[in-house]
Amino acid sequence: MEKLLPGALLLSVPSGDATQSDMRGKVFVFPQESATASVYLIPQVKKLLQGLHAVLKSFSAFTCPYSLFSFNTWDQDNELLFFVDRIEEFTLSVGNAEATLQAHQSPLIPQSICASGSRGRKGLRKGYSLGAEAKIILGQEQDSFGGHFDAKQSFVGEVWEVSLGDHILPLSEMCDWCYQDNILNCQALIHEDSEDVVTKPKVWPRSLILSSMICVTSL
């Protein structure tokens, strides 16, 4: 595969099934365990990510392991993966390097995951850049590029305010950048949903979500 120079940009061209939506005040609902329920997120631009921040909010009443966010390229599985192992414990993977993190919170309220880092910082994969040609999937872990989902690792619940930017942000600003990010922007989110995923109005109050933030600053 031809390598891109750092900082090179490619415009993202969605397929005919993709739609661009303003997801403010809305959630993606994954109603049941499934090997097909997924949301494919299409970046607004494609570029090597040498620095990034990512934010998503979710709620699930299930206690089984599940994948929330899976970013794969042709060359590398688990370039960026948020995987919930059990209540109060999840795994963060960057370039297949893993760290298990504890989250002391109630299982009855939503969680907000915020992560930030750069290749120059000490972290899971110092000097590592995320690839430009990526498949980004909500609700499933990709065991191959864009597919091979396992129903036993599928997400059941709600996901909203997903964002991804190409620069580091302090934790105090991450949630406010959901509508301004240049890679994934929930105000203008380009996505393809499987037939078993539905969109509904969000009912969770902001104050409750902010009380259950899981923050990582050493990607």
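Readers should treat all values here as calculations from the given coordinates under stated rules, not as data from a laboratory. What you are looking at is a predicted structure, and each value in this text was computed from that prediction instead of being measured.
Scan around E89 for amide H atoms under 5 Å from its own, H built in the peptide plane at 1.01 Å from N, and keep only partners 5 or more places away or cross-chain.
Counting only residues 5 or more places away or on other chains, the set is A103.
With θ set to phi - 60° and the Karplus curve 6.51 cos²θ - 1.76 cosθ + 1.60, what are the ³J(HN,Hα) couplings of the stretch 143-160 in order, to the nearest whole Hz, using x for Gly and Pro?
Coupling constants for the stretch 143-160: 8, 8, 5, x, x, 6, 7, 10, 4, 6, 10, 7, 8, 10, x, 10, 10, 7 Hz.
Stretched out fully, how many nm does the piece from T73 to E88 gain, at 0.36 nm a residue minus the Cα gap? Numbers along the way, then the final one.
Values: separation 15, 0.36 × 15 = 5.40 nm, distance 2.86 nm.
2.5 nm is the gain from fully extending T73 to E88.
How far, in nm, would the chain grow between D143 and T63 when pulled straight, counting 0.36 nm per residue and subtracting the alpha carbon separation?
Answer, rounded to one decimal: 26.7 nm.
Would you please give the residues with an amide H less than 5 Å from that of Q187, counting only those at least 5 places away or on a separate chain, with H modeled from the backbone geometry?
M23
So if each residue of separation counts as 0.36 nm, and I subtract the Cα-Cα distance between E98 and A151, what length gain in nm does that give? It would help to have the intermediate numbers written out before the result.
Numbers: separation 53, 0.36 × 53 = 19.08 nm, distance 2.19 nm.
Full-extension gain reported as 16.9 nm.
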